[in-house]
1. Tally the residues that are part of a loop (DSSP other than H, G, I, E, B) and touching a Ser or Thr at 6+ places or on another chain (Cβ under 7 Å), restricting the search to the range 101-152.
2. Report, by residue number, each residue of the range 1-48 that is assigned to a loop (DSSP other than H, G, I, E, B) and not polar (S, T, N, Q).
3. In the range 125-156, which residues are open to solvent by less than 70 Å² (accessible area, probe 1.4 Å) and more than 21 Å from the chain's Cα centre (by Cα)?
4. Here is a list: ALA68, ALA29, ALA84, ALA39. Which entry is hydrophobic (A, V, I, L, M, F, W, C) and touching a residue at least 60 places away in the same chain (Cβ under 8 Å)?
5. Out of the residues in the range 49-62 meeting the condition of being in a helix (DSSP H, G or I) and without any contact (Cβ under 8 Å) to a residue 40 or more places away in the chain, tell me which one is surrounded by the most Cβ atoms within 10 Å (Cβ to Cβ).
6. Does PHE117 satisfy the condition of being among the aromatic types (Phe, Trp, Tyr), in contact (Cβ under 8 Å) with a residue 60 or more places away in the chain and over 30 Å from ALA27 (Cα atoms)?
7. Exactly one condition in (1) over 17 Å from the mean Cα position of the chain (by Cα); (2) assigned to a strand (DSSP E or B); (3) surrounded by fewer than 12 Cβ atoms within 10 Å (Cβ to Cβ) is false for ILE72; which is it?
8. Can you tell which of ALA95, ALA85, ALA106, ALA102 is open to solvent by less than 20 Å² (accessible area, probe 1.4 Å), modelled with pLDDT of 95 or more and touching a helix residue (DSSP H, G or I) at 6+ places or on another chain (Cβ under 9 Å)?
Amino acid sequence: MRTLDTTDLRLLVELSKTPDATTVALAQALSLSRNTVQARLVRLTDEGVFLPFERRISMDALGHPLTAFVQIHVHQQQLTEITAALRGIPEVVQAHGLTGSADVLARVAARNAEDLFRIHSRILQIDGVDRADTSLAMTELVAWRTVPLVESLLSG
């Protein structure tokens with residue numbers, strides 16, 4: 001992926017303010033031609049700059065208001081199979097490979113504490129998982145965000 005230039009960054013900030021804006025509206029807001037904005041949007045899309053729409057779907061709206069982070073300790077040789085098994089658990093909404101004491105950090109969405117217990121047990125049943133330590137998220141202190149980073153890049 002190429003480095004984003006100032007026009008790309010300005011377009012991203014404007015899109016974050018008004019994600020449903022038309023190409024014409026974006027062009028007017030940024031003092032660019034409609035064709036320039038359209039070409040930039042196509043290129044940014046093709047280069048994978050935009051995350052999938054599903055990242056915008058609220059877990060609360062889906063009836064899964066509990067968020068937990070599960071630190072999973074595994075047999076490294078079985079990581080491929082363990083990852084596939086984690087993908088098979090719908091409530092595992094994200095997982096990362098880690099350095100440090102745990103091998104995998106999984107973000108889990110659950111209906112309630114009993115549901116979280118069920119999900120935790122399912123993770124422990126995966127062949128190659130030694131143990132899993134679950135931490136319940138009490139509140140989200142900093143929500144997913146990228147605009148401050150984009151703005152810092154714009155300001156140099």
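1. Of the residues in the range 101-152, the ones part of a loop (DSSP other than H, G, I, E, B) are 101-103, 111-112, 125-128, 137-146.
Still in the list and also touching a Ser or Thr at 6+ places or on another chain (Cβ under 7 Å): 137.
Counting residues in the range 101-152 that are part of a loop (DSSP other than H, G, I, E, B) and touching a Ser or Thr at 6+ places or on another chain (Cβ under 7 Å) gives 1.
2. Here is the first cut: in the range 1-48, the residues assigned to a loop (DSSP other than H, G, I, E, B) are 1-5, 18-22, 31-33, 47-48.
Passing the criteria: MET1, ARG2, LEU4, ASP5, PRO19, ASP20, ALA21, LEU32, GLU47, GLY48.
3. Answer for the range 125-156, where residues must be open to solvent by less than 70 Å² (accessible area, probe 1.4 Å) and more than 21 Å from the chain's Cα centre (by Cα): ILE126, GLY128, VAL129, ALA132, ASP133, LEU154.
4. Numbers: ALA29 fails: touching a residue at least 60 places away in the same chain (Cβ under 8 Å); ALA84 fails: touching a residue at least 60 places away in the same chain (Cβ under 8 Å); ALA39 fails: touching a residue at least 60 places away in the same chain (Cβ under 8 Å).
Only one candidate qualifies: ALA68.
5. Restricting attention to the range 49-62, the residues satisfying the condition of being in a helix (DSSP H, G or I) are 53-56.
Then drop every residue that is not without any contact (Cβ under 8 Å) to a residue 40 or more places away in the chain, which leaves 53-54, 56.
Details: PHE53: 7, GLU54: 7, ARG56: 9.
It comes out as ARG56.
6. On the way: among the aromatic types (Phe, Trp, Tyr): yes; in contact (Cβ under 8 Å) with a residue 60 or more places away in the chain: no; over 30 Å from ALA27 (Cα atoms): yes.
No; evaluated as a whole, the condition is false for this residue.
7. Result: ILE72 passes all but (3).
8. Exactly one of ALA95, ALA85, ALA106, ALA102 is open to solvent by less than 20 Å² (accessible area, probe 1.4 Å), modelled with pLDDT of 95 or more and touching a helix residue (DSSP H, G or I) at 6+ places or on another chain (Cβ under 9 Å), namely ALA106.
The values are calculated or read from the model by the stated rules, or taken from the named source; none is laboratory data. All values derive from a computational prediction rather than experimental measurement. FYI the Cβ positions are ideal-geometry reconstructions off the backbone, even for glycines, and counts take in every protein chain you see. Surface areas here come from the heavy atoms of the whole protein model, side chains and all, with no ligands, DNA or RNA. Shrake-Rupley method; radii C 1.70, N 1.55, O 1.52, S 1.80 Å.
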